[in-house]
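Enquirer: Have a look at the structure that comes next, please.
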Amino acid sequence: MVPTDESGPVEVPYPQYRCALCGEELPLGETHMSVTCEQHRASAPEVAFEIRPAVPSDRHDIEAICDQAWGETEIDVFGRTFDVLACDNLVAIAEDGFAGLISLAIDKGELAIVLLTVYPRYQGSGVGAALVEAAVEEARSRRLPFIKVATTNDDIPALYFYQRRGFVLYEMVAGEMVDHHGEVVPGFASIPVRDELRLRRPVC
Ligand SMILES: CC(C)(COP(=O)(O)OP(=O)(O)OC[C@H]1O[C@@H](n2cnc3c(N)ncnc32)[C@H](O)[C@@H]1OP(=O)(O)O)[C@@H](O)C(=O)NCCC(=O)NCCS
């Protein structure tokens, strides 16, 4: 059922993250952070999945996950616009469906992660980490010196995720996201989305 208010149908933001404790799928504005000890780390259900290069019949699933993550298949990052459908895409397929996508392109002699996204219901089960490792292998096989990624200042889980996997901050484009959106929009935990943060990891 489409939610409505007195003025008609209400646009509901897509969920981007999964609550690590109860599994609820959360739009960015409803997320919060907490710090735990090793013993109380939240664990997600085990998920069986495979990573493989995308094939033409994945197109619909790729468009759908881009729509949820970014609203479109054209991604503005590293000062360029990339079309995900023209990128090298690796997909994560779970037993019961499409779980995640990592979209790759070469930019200035480095392998750029144009988009990495995992559906909330599969998050915390190692899908994102496996997609990144597959991308690192891809960079290695192409003999590229670095793999890089960009995220935004509000996305603390993504900053945690990449730094845990050996990525190092090397550049920030202050105000880039305000230019992109034409205004300051609320992001993770309602933190204002302002800046593009670039991280990279050596490969060879
Ligand atoms: C960031 C993202 C790609 C990670 O993918 P994932 O499949 O959840 O990652 P993994 O299962 O491999 O987990 C990686 C780490 O994140 C932690 N994690 C994942 N989901 C979590 C959650 N809901 N709450 C808390 N921690 C979580 C895991 O515990 C793990 O931590 P560790 O490094 O200490 O082991 C995914 O959460 C996502 O798509 N988020 C929304 C979109 C986004 O922000 N994309 C990145 C933009 S650059």
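The values are calculated or read from the model by the stated rules, or taken from the named source; none is laboratory data. Note that the structure is a prediction, hence the values are computed from the model and not measured. Cβ sites come from the backbone with ideal geometry, for glycine too, and all protein chains shown count toward neighbours. All accessible areas refer to the heavy atoms of the entire protein, side chains included, with ligands and DNA or RNA removed. Shrake-Rupley method; radii C 1.70, N 1.55, O 1.52, S 1.80 Å.
Enquirer: What single numbered condition from (1) open to solvent by 20 Å² or more (accessible area, probe 1.4 Å); (2) within 14 Å of the ligand (Cβ to nearest atom); (3) touching a strand residue (DSSP E or B) at 6+ places or on another chain (Cβ under 6 Å) fails to hold for TRP70?
Expert: The one condition TRP70 does not meet is (3).
Enquirer: Here are the criteria: (1) buried (at least 17 other Cβ atoms within 10 Å of the Cβ); (2) modelled with pLDDT of 95 or more. Tell me which single one ASP61 does not satisfy.
Expert: (1)
Enquirer: When ILE106 is evaluated against the numbered criteria (1) open to solvent by less than 10 Å² (accessible area, probe 1.4 Å); (2) more than 9 Å from the ligand (Cβ to nearest atom), which criterion, by number, is the only one it fails?
Expert: (1)
Enquirer: Next up: If you scan segment 122-176, which residues turn out to be more than 13 Å from the chain's Cα centre (by Cα), in a strand (DSSP E or B) and within 10 Å of the ligand (Cβ to nearest atom)?
Expert: If the condition is that a residue be more than 13 Å from the chain's Cα centre (by Cα), in a strand (DSSP E or B) and within 10 Å of the ligand (Cβ to nearest atom), then no residue fits.
Enquirer: Now for a different question. Give the residues of segment 33-50 that are open to solvent by 90 Å² or more (accessible area, probe 1.4 Å), of a type outside the set (D, E, K, R) and more than 10 Å from the ligand (Cβ to nearest atom), sorted by residue number. Give the steps one after another, and end with the answer.
Expert: Within segment 33-50, the subset open to solvent by 90 Å² or more (accessible area, probe 1.4 Å) is 33-35, 38-41, 43, 46, 50.
From what is left, the residues that are of a type outside the set (D, E, K, R) are 33-35, 39-40, 43.
Across segment 33-50, the qualifying residues are VAL35, GLN39, HIS40.
Enquirer: Of all residues in segment 16-28, how many are open to solvent by less than 50 Å² (accessible area, probe 1.4 Å) and more than 10 Å from the ligand (Cβ to nearest atom)?
Expert: Number satisfying all stated conditions: 1.
Enquirer: From the list LEU144, LEU111, pick out the single residue that is farther than 19 Å from GLU72 by Cβ and buried (at least 20 other Cβ atoms within 10 Å of the Cβ).
Expert: LEU111
Enquirer: Could you check ASP179 against (1) open to solvent by 40 Å² or more (accessible area, probe 1.4 Å); (2) of a type outside the set (S, T, N, Q); (3) touching a residue at least 24 places away in the same chain (Cβ under 8 Å); (4) in a helix (DSSP H, G or I) and say which number it fails?
Expert: With respect to (1) open to solvent by 40 Å² or more (accessible area, probe 1.4 Å); (2) of a type outside the set (S, T, N, Q); (3) touching a residue at least 24 places away in the same chain (Cβ under 8 Å); (4) in a helix (DSSP H, G or I), ASP179 is out only on (3).
Enquirer: Looking only at segment 185-203, decide whether some residue is more than 14 Å from the ligand (Cβ to nearest atom), open to solvent by 70 Å² or more (accessible area, probe 1.4 Å) and either in contact with an Asp or Glu (Cβ under 7 Å, 6 or more places away or on another chain) or in a helix (DSSP H, G or I) (or both).
Expert: First, pick out the residues of segment 185-203 that are more than 14 Å from the ligand (Cβ to nearest atom): 185-186, 190, 192, 194, 202-203.
Still in the running and open to solvent by 70 Å² or more (accessible area, probe 1.4 Å): 186, 194, 202.
So of that shortlist, the ones also either in contact with an Asp or Glu (Cβ under 7 Å, 6 or more places away or on another chain) or in a helix (DSSP H, G or I) (or both) come out as none.
No: segment 185-203 contains no residue that is more than 14 Å from the ligand (Cβ to nearest atom), open to solvent by 70 Å² or more (accessible area, probe 1.4 Å) and either in contact with an Asp or Glu (Cβ under 7 Å, 6 or more places away or on another chain) or in a helix (DSSP H, G or I) (or both).
Enquirer: Same structure, new question: Can LEU85 be described as of a type outside the set (S, T, N, Q), under 20 Å from ARG165 (Cα atoms) and either within 12 Å of the ligand (Cβ to nearest atom) or not in a strand (DSSP E or B) (or both)?
Expert: Numbers: of a type outside the set (S, T, N, Q): yes; under 20 Å from ARG165 (Cα atoms): no; either within 12 Å of the ligand (Cβ to nearest atom) or not in a strand (DSSP E or B) (or both): yes.
No.
Enquirer: Quick check on this structure: which one of LEU85, LEU116, LEU131 is modelled with pLDDT of 95 or more, in contact with a helix residue (DSSP H, G or I) (Cβ under 9 Å, 6 or more places away or on another chain) and buried (at least 19 other Cβ atoms within 10 Å of the Cβ)?
Expert: LEU116
Enquirer: Cβ contacts < 8 Å: first residue closer than 15 Å to TYR119 by Cα, restricted to segment 42-53; second residue basic (Lys, Arg) and part of a strand (DSSP E or B), any location; separation 6+ or different chain. Result?
Expert: Filtered contacts from segment 42-53: ALA44/ARG18.
Enquirer: With (1) modelled with pLDDT of 95 or more; (2) surrounded by 13 or more Cβ atoms within 10 Å (Cβ to Cβ) as the list, and TYR170 as the residue in question, which single condition is left unmet?
Expert: (2)
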